[in-house]
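All remarks here apply to the structure that follows.
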Amino acid sequence: MNIAIIGLGLIGGSYAKATKARTLHTVYGYDLDKETMLFARMTGAIDQELTDELLETCQLVITALRPGAVLKWASDHAAAMGKANCILVDICGIKRAVVDELGALAQQHHFRYVGGHPMAGKETGGFVNSSESLFEGASMILTPDANTELRTLETLKNYFSDIGFAQITYSDPDEHDKIIAYTSQLAHIVSGAYVKSPTAQRRRGFSAGSFRDLSRVARLDENMWTELMMHNREYLIEELQILIENLKPYLTALEENDPEALCKCLREGRLAKASAGGN
């Protein structure tokens, strides 16, 4: 296949590198940053810079952009994608904010669209931190709709498996956004709030895995995460309210010097983790 990747940051760059390292597909890439484009060419992550003419030859287009930028790029290039009858996959961290408009564009201009979201990442962004192994063992979420053909899903399953994904998870946009509010967005809020303690500045020599694990994702792109969280604010508010309510019994047990109540809270957390399973 000819594959176009729009946005060559951490995720888009990793798609490009994994595709070139693990498949025989041709990769055309595009990024607004000229240094990134030069680096991508020099490292062999892309075969050539994407042009409008090359876009018309692509069977698969992956947009590694923020929601607003995805909608604008897809609108500007819908006609070219229609000429190719390509598959467009956006990989935004939220889905409801983009799927209706992208689906309508696909129907109007006769290309195919499936929403996507890779469950992989790092706390450091940019092409320089991208890796051909980023997706190894990860889950790729797809949100097909009533217009999605089986052949399209087969093509995507084969491609994502080839570049390292261990699992394809199918969802709808609402379910995706509700669960992502908990598994991803809430975790970033908690991490950011945690490291705001003045004690964080004095922790050297006193921290190990617990601090590292809880503080890791506080290192983020605040502009990108603000856009994602605001698009998903109602589900994120719901999860944040649940967390705040769950924290209150711990505080009460400590304030009232009640070891039995604290032990109960800790035991409930341990059992909840065992029930949830996984990492």
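With every protein chain left in place and a probe of 1.4 Å, what is the accessible surface of residue 234, to the nearest 10 Å²?
Ignoring ligands and nucleic acids, residue 234 comes out at about 80 Å².
When the convex hull of the C-alpha atoms of the chain is computed, what volume per residue in Å³ does it have?
With only Cα atoms used, the chain gives 147 Å³ per residue.
Can you give the accessible area of residue 190 in Å² (nearest 10), computed on protein heavy atoms with a 1.4 Å probe?
It works out to around 50 Å².
What is the sum of charges, Lys and Arg at +1 and Asp and Glu at -1, for the other residues whose Cβ falls under 13 Å from the Cβ of residue 143?
Values: positive: 95, 96, 178; negative: 90, 100, 145, 172, 174, 175, 177.
Taking every other residue near residue 143 into account, the sum is -4.
How tilted is helix 67-76 with respect to the longest principal axis of the chain? Cα atoms for both, answer in degrees (0 to 90, nearest 10).
That works out to roughly 10 degrees.
Treating only the Cα positions of region 1-71 as identical point scatterers, give the base-10 log of I(q)/I(0) from the Debye formula at each q in 0.11 Å⁻¹.
The computed values of log10 I(q)/I(0) come out as -0.21.
How far, in nm, would the chain grow between residue 85 and residue 170 when pulled straight, counting 0.36 nm per residue and subtracting the alpha carbon separation?
Values: separation 85, 0.36 × 85 = 30.60 nm, distance 2.27 nm.
Difference between extended and current length: 28.3 nm.
Farthest toward the dipole's positive end in the chain, which of 271, 201, 2, given Cβ charges of +1 (Lys, Arg) and -1 (Asp, Glu) about the Cα centre?
201
Setting aside same-chain residues fewer than 8 positions from residue 273, which lysines have a Cα under 19 Å from its Cα?
Reachable lysines: 248, 264.
Return the carbon/sulfur percentage of the accessible area of the chain, one whole number, probe 1.4 Å, all protein chains in place.
53
Using a 1.4 angstrom probe, figure out how much accessible area the chain has per residue, in square angstrom, rounded to the nearest whole.
Each residue of the chain exposes 55 Å² on average to a 1.4 Å probe.
Calculate the length of the line joining the C-alpha centroid of region 72-135 to that of region 192-234, in whole Å.
Computed from Cα coordinates, the inter-centre distance equals 28 Å.
The values are calculated or read from the model by the stated rules, or taken from the named source; none is laboratory data. What you see is a predicted model, and the numbers here were worked out from it, not measured in a lab. Cβ coordinates were reconstructed from backbone atoms using ideal geometry, including for glycine residues, and neighbour counts include every protein chain displayed. We work out accessible area using only protein heavy atoms, side chains counted, and drop any ligands, DNA or RNA first. Shrake-Rupley method; radii C 1.70, N 1.55, O 1.52, S 1.80 Å.
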